[in-house]
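Would you mind keeping the following structure in view while I ask a few things?
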Amino acid sequence: MAIAATDLFKLVSLSYPIATNRGFFVQENRISEEDNTYYQRIYLVNRRGQKTTYGFDQKHDRHPQVSPDQQWLAFLSQAADKTTQVFLQRIDGGGAQQFSNEKEGVTNFGWQPDSKALLLQTTVGAKPQISESDAKKPQPVTVTRAPYKLNGVGLLKENVTYELRIQQRRQKTSHLIMKRQHDFDLGAISPDGQKIAFAAERLPDDPNDFSQATYLFDLTSQKITMVNEHLPQAALSPEAFSADGQQLLLVGSDNHLPNVSQDHLWHYDLTSHELQDVADDVDFDIPGYVNSDFQQDLSGKVADFVTADYYLARGFDHGKMSLYAGGPDERLTPLIDGRRHVTDFALTPDHRGVVFTESTMTIPSRLVYFDLASEEEQVLYDPNRQVTRHLGLVTPQTFNFQRDGFEIEGWYFPPQQASSSHPAILYVHGGPAVGYGYTFFHEMQYLAAKGYGVICPNPRGGLGYGEAFTAAVIKHYGQGDYEDCLATVDEALKLDTTIDPQRLFVTGGSYGGFMTNWIVTHTHRFKAAVTQRSISNWLSMYGTSDIGYYFTPWELEGKWTGDLSDVQGLWDFSPLAHIDHARTPTLVMHSENDERCPIGQGEEFYIGLKLHGVETKFMRFPKSNHDLSRSGLPNLRVARLQAIVDWFDAHQAQPQMAKGE
C-alpha cells in the first residue's frame, strides 16, 4: 500500500509532553476529514504504553500544564460561548470543569508554584462583540501603525489592552495584576511565585526597531525591570528559572545582522545582573527551524534547567534537531542526538529523566523517555505505528557536496516503486532561513509514492550550517542559491542513475516559490513547474506583505531599514523582470488570504506568463493563508497535493513547446 494524500486523516502528531509521578501527559493532534478541521485531546500514558483520556471534549483540549503539587491538570479548551478558557481536572479522577471566565478568552496561562492559583493572560478590545444589526452595516477600518496586519490573523486591532490576571483555584473570578498597551509573551514564573518573566517589543511604536526585551515583573513591588538593558537591540525571550530562582535562561539573538544573527541560549544571573551568551562557541541556531508539513501545535519550548549550572536546549545542526546539554562554563554538546527531530520535551519532577516527542523521516511522531544517568531510551507511545507499517514509506538518502567553500546538503526521496527510468522533482524550501532535516514530511512521501524522486536541497541562506552560510544569500538572491539548487539536481542524478534527466520538475513555496519563479525565468531545464505562495515582484511585495517593508531590505540590501528609492535594484531581483525568458509550463498556486506573500504576487506572475504565451493555470485557494500546506483547511491541503501531481503527470510525456510554436 502506498501513502495517499488522505492519509493525513489517519496520522496524528504529539506535543506538550509532561512527566509526572503517575505517568506522562501528552497532547495528541489529529485532523478530522468529516469536520474538515483540526482537533486535540490529552492522554496520560504509563510506562507500558497504556493511555487514559483526560480533558473536557476531546476536540479542543490543548496546552496541558500540571500543577506543581501534581494534583491538578490545567488546559485550554472551548467554552460554551466559544471562547478559549482554562479548564481544571483532578489527576486522580473526576471530570474537567471550566475554571476561567474571561470575556475575550485566555491566550496563555501558568500555575503559581503553590498550586493555589493560576496566572491568566487575556485581552480587552481584541475581540469586540458585533451585533446582528452592526454586521449588516460594516464600518471602515483605520490603521495607524506600520505593522497593521498579520498572516493568519488579518488586520490587527488597535487600542487593545493586554492583561495579566491571577485567579485563585477556589475562586470564580480573577483580578488584574498587570496591564499593558502592547502585546507580551508570558514566559517563566519564579519558584517563589514573586517574579514573572515576559517578553515584549522594546519600542513597539517604532516601525524600524526590531528588538524584543525580556522583562522581570516583581509582584510585590510592582516594579518591571529590563533584563537585557545593556543589549537593547537584542530579541530575547525567557525560558525557565532555576530551582533557586536566581538564574534565568533566555533564547534569542543579539541582532547584529538583520534576519541572519543566530538565535542562541542566554544565561542571566538575577544577583549580579550579568547576561551571558552561553552558546557563543557553537555555530548553529537554538532552536532553529526544521521544514515540515506534519507537526501541529508544538509548545515551542527550547530550554530548561536540570540543575543551576546544567541545562538542556534544543538546537538545529546539519538537519538534526537535537537536545543539547551544557552549563555556563561548559560547551553545549548533543545529549539526545541522531537523525531525528526532537519536537518537544520536559524534565521529570526529580530531574533524572526527560520525556520528549520526536519525529524521523519515517516516524511521524512518538513519545519517548530518556534516562539522564544511563542515557537509555524507551518508546512510550507510538500512535502511528499500525498505520505506517502498511504505507511503504521510503527512507531518503542524504548527500552533500562542496560549492564556493560551502557544504551543500540534500535529501533524496526515491520513488516508492523502483523503475529503470522515472521523473524527479526539485523541491525548494521556504524561508530562506529554515532547513530540510530528519523529520517526517507527508508531502514528500506522497510524491515518492506517486512515482517521483524528490530532491530536497538546503541551499545557502538556510539554517543548520553556520551563520556565514545563512548570510551568504543576503544581497545575492537568485545567484549562489540558484546555482546550489541546480547543482543539487546534478548530484542527485549521480546518486540515482534511474532518474530521467528529460523528466525533471520543480516546485517550492514562499522563498521556494520565489526560487521556482527565478528558475523558470532563467533556465528551460525543467519540464513543468508549480509555484506556490511565491514572490514575483519585490516592488509590490515591499508594501503589501505583512513583513514586506522590513524583510525586503533585510534580504536584498542587508540593512535594517530601506525604502523604494532603489527601484532598479528591487526590480532586478524580481522574477517578473525576467518573464520574457520563461517558457516552462507553470501552475501558479496561491491562497486568497495570504498576508505574507500576498496573492497579488501570484496574480502578477500568472498574467506575466499568460501574456508571454507560456502554458499556465492559476489555482486560488479560498479561506486559506500562507500556511495552507501545513495547517490549512484539510480538504484544500488534499486538493493541493493532488493538483501538483496532476500537473506534473500531465507534462511527463508532453514536449516542451517554445513560445510561438
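Can you pull out every residue in region 68-88 that is under 15 Å from Tyr54 (Cα atoms), under 30 Å from the mean Cα position of the chain (by Cα) and not aromatic (Phe, Trp, Tyr)?
Result: Leu73, Ala74, Leu76, Ser77, Gln78, Val86, Leu88.
Being touching a residue at least 40 places away in the same chain (Cβ under 8 Å), part of a loop (DSSP other than H, G, I, E, B) and under 26 Å from the mean Cα position of the chain (by Cα) is the filter here; which residues of region 210-247 pass it?
Selection gives Phe210, Ser211, Asn228.
When the residues of region 568-588 are narrowed to those that are in a helix (DSSP H, G or I) and in contact with a helix residue (DSSP H, G or I) (Cβ under 6 Å, 6 or more places away or on another chain), which ends up surrounded by the fewest Cβ atoms within 10 Å (Cβ to Cβ)? Reasoning before the result, please.
Going through region 568-588, the residues in a helix (DSSP H, G or I) turn out to be 568-572, 575-581.
Retained after the next criterion (residues that are in contact with a helix residue (DSSP H, G or I) (Cβ under 6 Å, 6 or more places away or on another chain)): 570-571, 575-577, 579.
Details: Leu570: 22, Trp571: 13, Pro575: 30, Leu576: 21, Ala577: 18, Ile579: 20.
Applying the filter and picking the extreme gives Trp571.
Residues are listed down the side, and each one gets a yes or a no for (1) more than 28 Å from Asp580 (Cβ to Cβ); (2) not in a loop (DSSP other than H, G, I, E, B):
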{"site": "Phe440", "(1), (2)": "yes, no"}
{"site": "Glu443", "(1), (2)": "yes, yes"}
{"site": "Leu463", "(1), (2)": "yes, no"}
{"site": "Asp484", "(1), (2)": "no, yes"}
{"site": "Val506", "(1), (2)": "no, yes"}
{"site": "His524", "(1), (2)": "no, no"}
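Arg533 - would you say it is among the basic types (Lys, Arg), buried (at least 24 other Cβ atoms within 10 Å of the Cβ) and closer than 23 Å to Tyr427 by Cα?
In short, yes.
Which of the residues that make up region 400-426 are crowded, with 17+ Cβ neighbours inside 10 Å and within 18 Å of Gly437 (Cβ to Cβ)?
Listed by number, the residues that qualify are Phe406, Ile408, Glu409, Gly410, Trp411, Tyr412, Phe413, Leu426.
So Phe605 clears everything in (1) at positive phi; (2) of a type outside the set (Asp, Glu); (3) assigned to a helix (DSSP H, G or I) except one condition, right? Which one?
Answer for Phe605: the failing condition is (1).
Considering region 290-310 alone, what residues qualify as being within 21 Å of Val26 (Cα to Cα) and outside any strand (DSSP E or B)?
Passing the criteria: Ser292, Asp293, Phe294, Gln295, Gln296, Asp297, Leu298, Ser299, Gly300, Lys301, Val302.
Now for a separate question. Quick check on my filter: what residues within region 528-567 are in a helix (DSSP H, G or I), among the small types (Gly, Ala, Ser) and within 19 Å of Val473 (Cβ to Cβ)? Outline the logic, then answer.
Looking only at region 528-567, we keep the residues that are in a helix (DSSP H, G or I), and these are 538-544, 548-557, 567.
Applying the additional criterion that residues be among the small types (Gly, Ala, Ser) yields 540, 543, 548.
Answer for region 528-567, where residues must be in a helix (DSSP H, G or I), among the small types (Gly, Ala, Ser) and within 19 Å of Val473 (Cβ to Cβ): just Gly548.
Here are Lys623, Lys610, Lys617: which of them is farther than 15 Å from Gly513 by Cβ and in a strand (DSSP E or B)?
On the way: Lys623 fails: in a strand (DSSP E or B); Lys610 fails: in a strand (DSSP E or B).
Going through Lys623, Lys610, Lys617 in turn, just one is farther than 15 Å from Gly513 by Cβ and in a strand (DSSP E or B): Lys617.
Look at Thr516 and say whether it is of a type in the set (Ser, Thr, Tyr), in a helix (DSSP H, G or I), out of contact with any helix residue (DSSP H, G or I) (no Cβ under 9 Å at 6 or more places or on another chain) and touching a residue at least 24 places away in the same chain (Cβ under 8 Å).
Numbers: of a type in the set (Ser, Thr, Tyr): yes; in a helix (DSSP H, G or I): yes; out of contact with any helix residue (DSSP H, G or I) (no Cβ under 9 Å at 6 or more places or on another chain): no; touching a residue at least 24 places away in the same chain (Cβ under 8 Å): yes.
When the stated conditions are applied, Thr516 does not pass them.
On to the next question. Among strands (runs of 3 or more DSSP E) lying entirely in region 311-411, which contain 1 or more residues that are in contact with a Pro (Cβ under 8 Å, 6 or more places away or on another chain) and either aromatic (Phe, Trp, Tyr) or free of Cβ contacts under 8 Å to residues at least 24 places away in the same chain (or both)?
Details: elements: 320-327, 330-336, 341-347, 353-359, 366-371, 377-381, 397-403.
Correct list: 320-327, 341-347, 353-359.
So, in region 30-80, of the ones that are charged (D, E, K, R) and in contact (Cβ under 8 Å) with a residue 40 or more places away in the chain, which residue ends up surrounded by the fewest Cβ atoms within 10 Å (Cβ to Cβ)?
Arg47
Can you find even one residue in region 48-70 that is of a type in the set (A, V, I, L, M) and not in a strand (DSSP E or B)?
The initial filter retains those residues of region 48-70 that are of a type in the set (A, V, I, L, M), namely 66.
Subset that is not in a strand (DSSP E or B): none.
No, region 48-70 has no match at all.
Within region 229-260, restricting attention to residues that are at pLDDT 95 or above, buried (at least 17 other Cβ atoms within 10 Å of the Cβ) and polar (S, T, N, Q), which residue is nearest to Thr470 (Cα to Cα)?
Ranking the candidates gives Ser253 first.
Return the residues of region 300-309 that are surrounded by fewer than 19 Cβ atoms within 10 Å (Cβ to Cβ) and either modelled with pLDDT of 95 or more or within 29 Å of Phe9 (Cβ to Cβ) (or both); say none if nothing qualifies.
Gly300, Val306, Thr307
Could you list all residues from region 248-266 that are in a loop (DSSP other than H, G, I, E, B) and of a type outside the set (Ser, Thr, Tyr)?
Asp254, Asn255, His256, Leu257, Pro258, Asn259, Val260, Gln262, Asp263
Moving on. Out of region 172-209, which residues are outside any strand (DSSP E or B) and either in contact with a strand residue (DSSP E or B) (Cβ under 7 Å, 6 or more places away or on another chain) or within 19 Å of Trp111 (Cα to Cα) (or both)?
Lys172, Thr173, Ser174, Gln181, His182, Asp183, Ser190, Pro191, Asp192, Gly193, Gln194, Arg202
In region 118-169, what count of residues is obtained for those that are outside any loop (DSSP other than H, G, I, E, B) and in contact (Cβ under 8 Å) with a residue 24 or more places away in the chain?
The number of residues fulfilling the criteria is 18.
Suppose we keep only residues that are over 23 Å from Gly461 (Cβ atoms) and either part of a loop (DSSP other than H, G, I, E, B) or not polar (S, T, N, Q) (or both) within region 274-289. Which one would you say is farthest from the chain's Cα centre (by Cα)?
Taking region 274-289 first, the residues over 23 Å from Gly461 (Cβ atoms) are 274-278, 281.
In the following step, the residues that additionally are either part of a loop (DSSP other than H, G, I, E, B) or not polar (S, T, N, Q) (or both) were identified as 274-275, 277-278, 281.
Numbers: Glu274: 31, Leu275: 27, Asp277: 24, Val278: 24, Asp281: 26 Å.
The qualifying residue farthest from the chain's Cα centre (by Cα) is Glu274.
If you check Val638 against the conditions, is it among the β-branched types (Val, Ile, Thr) and outside any loop (DSSP other than H, G, I, E, B)?
Taking the combined requirement at face value, the residue satisfies it.
Contact list please: Cβ distance under 8 Å, first residue in region 170-189 and farther than 17 Å from Lys223 by Cβ, second residue assigned to a strand (DSSP E or B) and basic (Lys, Arg), pairs at least six apart or on different chains.
Pairs that qualify, where the first residue is farther than 17 Å from Lys223 by Cβ and the partner is assigned to a strand (DSSP E or B) and basic (Lys, Arg), are Ser174/Arg165; His175/Arg165.
Would you mention how many residues in region 469-479 are without any contact (Cβ under 8 Å) to a residue 24 or more places away in the chain, surrounded by fewer than 17 Cβ atoms within 10 Å (Cβ to Cβ) and not polar (S, T, N, Q)?
The number of residues fulfilling the criteria is 0.
Show the residue pairs that are 6+ apart or on different chains and have beta-carbon atoms under 9 Å apart, the first residue being within region 254-281 and without any contact (Cβ under 8 Å) to a residue 12 or more places away in the chain, the second being of a type in the set (D, E, K, R).
Every condition considered, the pairs that remain are His273/Glu229.
The values are calculated or read from the model by the stated rules, or taken from the named source; none is laboratory data. Computed from a predicted model, the values in this text were never measured in an experiment. Positions of Cβ are generated from backbone atoms using ideal geometry, with glycine treated the same way; all protein chains shown enter the neighbour counts.
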